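Shown next, in structure tokens, is the structure this report addresses.
The values are calculated or read from the model by the stated rules, or taken from the named source; none is laboratory data. Source: prediction; values computed, not measured. Here the Cβ positions follow ideal geometry from the backbone for every residue, glycine too, while neighbour counts run over all protein chains shown. To get the accessible areas, we keep the full protein, side chains included, count just its heavy atoms, and leave off ligands, DNA and RNA. Shrake-Rupley method; radii C 1.70, N 1.55, O 1.52, S 1.80 Å.
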Amino acid sequence: MGEMGERVVRMGAWSAGPGCHGGCGVKVTIKDGKLTKCEGDEDHPYLQGRLCPRALALTQYIYHPDRLQYPMKRVGARGEGKWARISWDEALDTCEDKMRTIRDKYGPESMVFGQGTGRDAGGYIIFLAYAYGSPNWTLFGLSGISCFTPRLAAMSMVMGDFTFPDAAQFSPQRYDDPEWKAPEVLVSWARNLAGSGCTDHYFSGHWAVDMMKRGTKLIVIDPVCSWEASRAELWLQIRPGTDGALALAMLNVIINENLYDKEFVTKWTHGFEELKQRVQEYTPEKAAAITWVPAEKIVKAARMYATAKPAGMRFGQPLDSNREATSTIHALNCLWAITGNIDIPGGNVITRPPFGVTIYPYSTQEVIDLYGEEFVANLTKKRIGADRFPLVKNFRAWALSDMVLEQMETQKPYPIKGLWCQTNNFLANTAQDPKRHYEAVRKLEFNVVVDTFMTPTAQAIADIILPAGSFPEKDSVFTTGVPINAIQKVIQVGECRSDWEINFELAKRLNPQAVPWANVRELMTLRLKATGLTFEQLAEQSWTMAPKNHKSGTVPYRRHEKGQLRPDGQPGFRTNTGKVELYCTNYEKYGLDPLPYHREPIESPLSTPEIWEKYPLIMITGRRNSAFFHSEHRQIPWLRELSPFPEMEMHPETAAPLGIKDGDMVWIEGVRGKVKRRARLTPTMHRQMIHALHGWWLPETDGTSPNFYGVWDLNVNQLIPMGEQSTSGFGGAATKTMLCKVYKVKDEEATV
Amino acid sequence: MNATAKKPVKRMGLLIDYEYCTGCHSCEIACKQEHNYPVGRGGLKLTEFLTERPDKSLRIDYLPFPTMYCNLCKSRTNDGESPSCVKHCQASCIHYGSVKKLAELMESRPHAALFTPI
Ligand code: SF4
Ligand code: SF4
């Protein structure tokens with residue numbers, strides 16, 4: 001770099017920087033080799049130039065004085081905070097050497113490759129793990145991999161694909177596309193649009209506002225009175241963790257009142273009679289007692305949804321956190337199926353990556369295609385959790401987080417000796433029971449952390465720290481949604497390297513045959529083949545979309561009628577029966593209940609009344625906040641200003657008898673531990689619930705042991721256990737449902 | 001647009017269509033980036049209003065208030081670009097224009113506020 005003058009480059013924004021999952025287009029200004037501005041790209045179809053606060057604060061992120069800028073090795077004890085700068089050569093030599101030693105001595109499966117939330121992380125981490133030979137790629141720390149994976153798994157089993165509400169995202173004309181229709185009703189189920197300030201996979205939050213402006217009415221299902229709830233036609237203030245019971249009662253009403261789409265049900269669904277029988281157990285009255293939503297409102301919501309044509313439904317991570325997440329999402333899937341809202345304009349459209357391009361081979365089938373049947377068969381044998389959970393074995397290639405932790409502790413059935421930890425700050429954020437994780441990981445022989453900033457996790461467990469680049473420091477491709485965006489390296493910060501570059505080079509050292517490409521761009525060009533563009537060509541035009549009726553079957557509508565969904569080209573869905581399986585034959589095969597059901601959270605007023613008596617509040621955590629992406633951005637001045645304190649939100653009427661005033665420091669205490677937060681009183685909260693934002697740590701405080709940036713004082717995940725994942729293996733992290741009590745801290749304890 | 005051409009003197013302003021403002025904060029940060037304002041200063045200050053309806057339900061309104069640091073993005077609008085907050089607002093609910101035009105637009109909006117910061 002270093003050329004004079006100013007230039008503007010268009011690209012996609014993804015991951016490091018704003019941190020997010022979204023697919024916005026941005027225009028970055030580069031002057032003298034520095035990025036001086038990040039604006040929205042008004043010619044980009046995803047958000048037409050609109051942008052979130054985190055992308056708009058990008059300059060403060062990229063040039064923050066605390067950015068990790070060169071590789072470091074630990075020179076003191078773990079947690080002591082003593083680091084020495086080293087060269088990339090030394091860093092990669094050390095990684096190669098230590099990882100080879102582990103592989104030779106214990107086998108490649110003894111090294112775990114952990115990522116944080118998805119984004120593009122899965123690609124380069126699988127890439128490295130498989131080149132090394134380890135099957136143990138996981139979302140490290142998150143019980144049941146309770147984010148996105150449960151819903152993808154459920155929808156894949158039930159209808160062979162997953163859906164999102166149709167906001168005309170597949171058309172460059174968007175809402176002006178003549179085929180598109182605004183949904184009459186959009187159900188917004190456990191989503192916090194404004195708070196998330198976008199960050200959604202596949203569906204940007206504010207598309208809901210675009211649709212409201214075009215006449216769409218909202219049904220909002222949320223325990224908290226969100227902005228959307230306050231604008232909704234109907235708001236159901238549900239008890240967390242009971243979404244399955246609500247969905248089943250809605251199905252009960254729709255079926256018993258004959259409000260379903262008979263033609264669709266007859267032609268395209270399997271097991272309607274069985275479902276009809278099952279939902280008889282869930283009358284609105286029974287569901288009202290479970291969900292705390294009055295029966296009349298349940299009936300009203302069911303009628304409103306079923307009689308709207310078309311109607312869309314989007315839902316959020318809390319459903320992945322349901323006790324039986326994959327069953328809950330099965331129930332929701334039945335709702336849009338029996339009302340005939342699949343793959344029609346304004347309904348729920350089947351969402352496949354444009355042209356079928358993925359940045360990495362994420363389905364088991366693709367992994368087989370790339371690495372061969374034998375390699376994959378061996379991977380499945382050693383992959384942690386695959387032998388116990390058939391759904392885990394057969395959907396995606398994750399090792400199961402809860403069992404990975406257990407195996408680190410017991411070293412059985414085979415030893416775990418190292419952790420490659422990239423895009424993951426489990427001590428502050430990702431993991432439930434973070435202390436258990438801390439104790440397990442600090443005993444391992446070799447740990448690498450790859451990140452953009454020093455974190456509590458890096459301080460506590462790393463032997464080697466590698467500095468990663470933000471998105472304009474990286475060549476990559478955005479593929480989890482439309483359009484496909486190129487991301488390109490336009491600046492260099494310190495000695496930072498992109499995650500892709502780091503893993504590419506290390507993979508090549510560890511297994512040259514598995515990395516036949518000269519560089520990352522060559523690999524990207526290969527992945528992009530179906531678009532007909534090279535990486536450079538895509539970068540030049542910034543984004544691309546598949547045209548209507550493209551043979552990849554990646555553009556709606558009514559693809560099941562046209563034979564665009566199944567590999568055999570026949571009409572129908574990509575399931576065993578070719579239909580949407582209200583009665584799920586794969587679930588049955590895997591020993592799971594083939595029909596949806598509700599199961600109470602591990603702690604709840606109904607399942608543990610004795611705990612509820614002493615801990616009379618439900619703690620919700622993990623709700624999004626537009627200033628922060630999970631545990632990121634606490635050190636970015638403009639963003640921290642928006643949300644300066646680690647808060648706990650509570651209804652004023654709940655606080656008054658406890659003597660808690662706005663701004664007071666309080667303890668949140670559950671059966672498993674307690675954390676300190678600052679009270680914010682707001683009538684938007686339910687009187688029997690509190691909300692505590694996840695991911696808090698204080699970068700401005702001491703990072704060494706035992707403080708680790710205040711993480712043990714603040715991390716609410718200490719109240720949540722591991723090992724209580726859903727019966728299917730996917731889902732069940734109890735992030736919305738733990739019981740707690742709240743009381744004021746004594747003056748002398750009142751820091752933070 | 002020819003930057004040297006003399007423009008008719010019109011009172012310009014911002015219309016906030018706060019029926020749709022979600023409180024996402026993009027406008028505030030867009031302004032800070034544009035003008036490189038430090039912490040504690042900005043052309044907009046987002047405010048939350050919670051109102052109890054007669055049926056006891058809550059109405060949540062957000063309203064970005066243009067402060068004395070808003071100059072209506074003079075250098076951008078001189079170049080024919082829209083103000084940074086207008087462009088980046090995720091709900092597309094901030095409009096820039098002459099007070100006359102904005103007042104006309106306001107006729108059809110259920111809840112809106114017109115500001116003339118300079
Ligand atoms: S018009 Fe420009 S100066 Fe005024 S608030 Fe918006 S971004 Fe800031
Ligand atoms: S950017 Fe728009 S929606 Fe977001 S807070 Fe500002 S005015 Fe409201």
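Is there a residue in segment B:87-106 that is small (Gly, Ala, Ser), farther than 30 Å from A:His686 by Cα, within 12 Å of ligand 1 (Cβ to nearest atom) and in a strand (DSSP E or B)? Walk me through it before giving the result.
So in segment B:87-106, the residues small (Gly, Ala, Ser) come out as B:91-92, B:97-98, B:103.
Right, trim to farther than 30 Å from A:His686 by Cα and you get B:92, B:97-98, B:103.
From what's left, within 12 Å of ligand 1 (Cβ to nearest atom): B:97.
From what's left, in a strand (DSSP E or B): B:97.
Scanning segment B:87-106 turns up at least one residue that is small (Gly, Ala, Ser), farther than 30 Å from A:His686 by Cα, within 12 Å of ligand 1 (Cβ to nearest atom) and in a strand (DSSP E or B).
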State all residues of segment A:282-306 that are touching a Ser or Thr at 6+ places or on another chain (Cβ under 6 Å) and open to solvent by 10 Å² or more (accessible area, probe 1.4 Å); if no residue qualifies, say none. A:Ile290
Could you list, ordered by first residue, the pairs with Cβ atoms under 6 Å in which the first is in segment A:245-260 and without any contact (Cβ under 8 Å) to a residue 60 or more places away in the chain and the second is part of a helix (DSSP H, G or I) and of a type outside the set (A, V, I, L, M), at least 6 apart or interchain? A:Leu246/A:Thr291; A:Ala249/A:Pro284
Among residues of segment A:171-184, those that are touching a strand residue (DSSP E or B) at 6+ places or on another chain (Cβ under 8 Å) and surrounded by fewer than 24 Cβ atoms within 10 Å (Cβ to Cβ), counted: 1
Looking at B:Thr47, is it touching a strand residue (DSSP E or B) at 6+ places or on another chain (Cβ under 6 Å), away from ligand 2 (no atom under 12 Å from the Cβ), touching a residue at least 12 places away in the same chain (Cβ under 8 Å) and polar (S, T, N, Q)? no
Hey, among B:Tyr69, B:Tyr37, which residue is of a type in the set (Phe, Trp, Tyr), near ligand 1 (Cβ under 9 Å from one of its atoms) and more than 9 Å from chain A (Cβ to nearest Cβ)? B:Tyr69
Anything in segment A:579-604 that is open to solvent by 20 Å² or more (accessible area, probe 1.4 Å) and over 30 Å from A:Lys276 (Cβ atoms)? List them, or say none. A:Ile602
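With segment A:605-678 as the region, which strands (runs of 3 or more DSSP E) entirely inside it contain at least 3 residues that are farther than 30 Å from A:Asp66 by Cα? Steps first, please.
On the way: elements: A:617-621, A:647-650, A:665-670.
Output list reads A:617-621, A:665-670.
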Residue selected from segment B:40-66 under the condition more than 10 Å from ligand 1 (Cβ to nearest atom) and among the charged types (D, E, K, R), by the criterion least open to solvent (accessible area, probe 1.4 Å): B:Asp61
Odd one out for B:Ser75 among (1) away from ligand 1 (no atom under 15 Å from the Cβ); (2) at pLDDT 95 or above; (3) surrounded by fewer than 17 Cβ atoms within 10 Å (Cβ to Cβ): (1)
Right, A:Ala16: more than 27 Å from A:Ala168 (Cβ to Cβ), outside the structural domain of A:Arg174 (by TED's automatic domain parsing) and crowded, with 24+ Cβ neighbours inside 10 Å or not? yes
Test: residue in segment A:616-623 that is more than 14 Å from chain B (Cβ to nearest Cβ) and over 23 Å from the mean Cα position of the chain (by Cα): yes
(1) open to solvent by 20 Å² or more (accessible area, probe 1.4 Å); (2) not in a loop (DSSP other than H, G, I, E, B) all hold for A:Glu80 apart from (2)
Please enumerate the residues belonging to segment A:213-243 that are hydroxyl-bearing (Ser, Thr, Tyr) and away from chain B (no Cβ under 14 Å). A:Thr242
Residues of segment A:46-67 satisfying the condition of being away from chain B (no Cβ under 12 Å) and either of a type in the set (D, E, K, R) or open to solvent by 10 Å² or more (accessible area, probe 1.4 Å) (or both): A:Tyr63, A:His64, A:Pro65, A:Asp66, A:Arg67
Taking the condition of being outside any helix (DSSP H, G or I), at the interface with chain B (Cβ under 9 Å from one of its Cβ atoms) and at pLDDT below 75, how many residues in segment A:194-204 meet it? 2
Members of segment A:476-525 found to be within 15 Å of A:Ile126 (Cβ to Cβ) and either part of a loop (DSSP other than H, G, I, E, B) or in contact with a His (Cβ under 8 Å, 6 or more places away or on another chain) (or both), listed by number: A:Thr479, A:Thr480, A:Asn511, A:Val515
Name the residue that is least open to solvent (accessible area, probe 1.4 Å), counting only residues in segment A:672-701 that are of a type in the set (Val, Ile, Thr) and within 28 Å of A:Gln459 (Cα to Cα). A:Val675
Scan segment A:23-45 for residues that are farther than 19 Å from A:Gly469 by Cβ, touching a residue at least 40 places away in the same chain (Cβ under 8 Å) and within 11 Å of another protein chain (Cβ to nearest Cβ) and report the count. 1
Testing A:Pro71 on (1) within 25 Å of the chain's Cα centre (by Cα); (2) surrounded by 24 or more Cβ atoms within 10 Å (Cβ to Cβ); (3) not assigned by TED's automatic domain parsing to the domain that holds A:Val449, one condition comes back false. Which one is that? (1)
State whether one or more residues within segment B:15-38 are more than 14 Å from ligand 2 (Cβ to nearest atom) and hydrophobic (A, V, I, L, M, F, W, C). no
Return the only residue of A:Asn707, A:Asn625 being of a type in the set (S, T, N, Q) and open to solvent by 40 Å² or more (accessible area, probe 1.4 Å). A:Asn707
I'd like to check something: does segment A:431-448 contain any residue that is within 30 Å of A:Ile602 (Cα to Cα) and touching an Asp or Glu at 6+ places or on another chain (Cβ under 7 Å)? yes
Segment B:20-34, residues that are assigned to a loop (DSSP other than H, G, I, E, B) and facing chain A (nearest Cβ under 7 Å): B:Tyr20, B:Thr22, B:Gly23, B:Cys24, B:His25
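Conditions (1) in contact with a helix residue (DSSP H, G or I) (Cβ under 6 Å, 6 or more places away or on another chain); (2) in contact (Cβ under 8 Å) with a residue 60 or more places away in the chain, marked per residue:
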residue	(1), (2)
A:Lys435	no, yes
A:Val441	yes, no
A:Leu444	no, no
A:Ala460	yes, yes
A:Ser470	yes, yes
A:Val490	yes, yes
Inspect segment B:51-63 for any residue being farther than 20 Å from A:Lys37 by Cα, away from every other protein chain (no Cβ under 12 Å) and out of contact with any strand residue (DSSP E or B) (no Cβ under 8 Å at 6 or more places or on another chain) and give the result as yes or no. yes
